[in-house]
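Take a look at the structure below.
The values are calculated or read from the model by the stated rules, or taken from the named source; none is laboratory data. The model shown is predicted, which means the values in this text are computed figures rather than measured ones. With ideal geometry, Cβ positions are generated from the backbone for all residues, glycine too; neighbour counts draw on all protein chains shown. Calculation scope for accessible area: heavy atoms of the full protein, side chains included, ligands and nucleic acids excluded. Shrake-Rupley method; radii C 1.70, N 1.55, O 1.52, S 1.80 Å.
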Amino acid sequence: MHLTIISRIVRYLWSAPCTVVGLCLAFPALFIGGSFRVVAGIIEVAISKHGKTNALLRHIPFNAITFGHVVIAGTEADLHRLRRHELAHVRQYERWGILFFVAYAAASLWELIRGRHPYWDNCFEIEARSSENTR
């Protein structure tokens with residue numbers, strides 16, 4: 001029991017610098033009508049409550065993105081739909097900590113050099129997509 005609590009604290013601390021980046025990026029969403037909630041220890045932020053009709057969302061090149069224990073998505077529907085995928089990224093941040101920023105970028109660059117797609121062929125994205133189908 002105590003080992004589980006200690007392990008969880010260590011995972012949160014190890015990924016904390018990335019979580020701080022996520023909080024800094026998510027904070028402005030609250031001023032433009034966004035919302036947030038905590039689900040299973042992860043802060044989920046929806047940029048818009050009004051769906052994809054929001055003009056800002058048309059310019060954001062992602063449906064959801066994760067920084068440590070913060071998931072930022074366009075809408076609450078995106079948060080719900082992509083929760084398993086983004087949870088996989090949270091676990092990756094817990095394993096890699098601040099090094100995840102470099103590791104993810106390096107994996108994308110590696111795929112680009114190989115003539116492959118830097119997002120779809122990125123090993124971290126493949127892992128996250130595979131988690132979408134597990135229960």
Kirkwood Rh and Cα Rg combined as Rg over Rh, evaluated for region 1-43 = 1.11
Shape box of the chain [Cα atoms, principal axes, largest first, Å] = 46, 40, 30
For region 80-135, divide the Cα radius of gyration by the Kirkwood radius and give the resulting Rg/Rh value with two decimals.
-> 1.00
Ranking Arg8, Arg129 from most to least accessible area with a 1.4 Å probe gives Arg8, Arg129
How much of Arg84 can a 1.4 Å solvent probe reach, expressed as accessible area in Å² and rounded to 10?
-> 100
With the full set of protein chains in place, find how many percent of the accessible area of the chain is carbon and sulfur; take the probe as 1.4 Å.
-> 69
Using the beta-carbon distance between Glu132 and Val38 and R0 = 30 Å, what value does 1/(1 + (r/R0)^6) give for FRET efficiency, to the nearest 0.05?
-> 0.85
Per residue, what accessible area does the chain have, given a 1.4 Å probe and all protein chains present, in Å²?
-> 62
Pop a pseudo-label 7 angstrom from the Cα along the beta-carbon direction at both Arg114 and Ala77 and give the gap in nm to one decimal.
-> 3.5
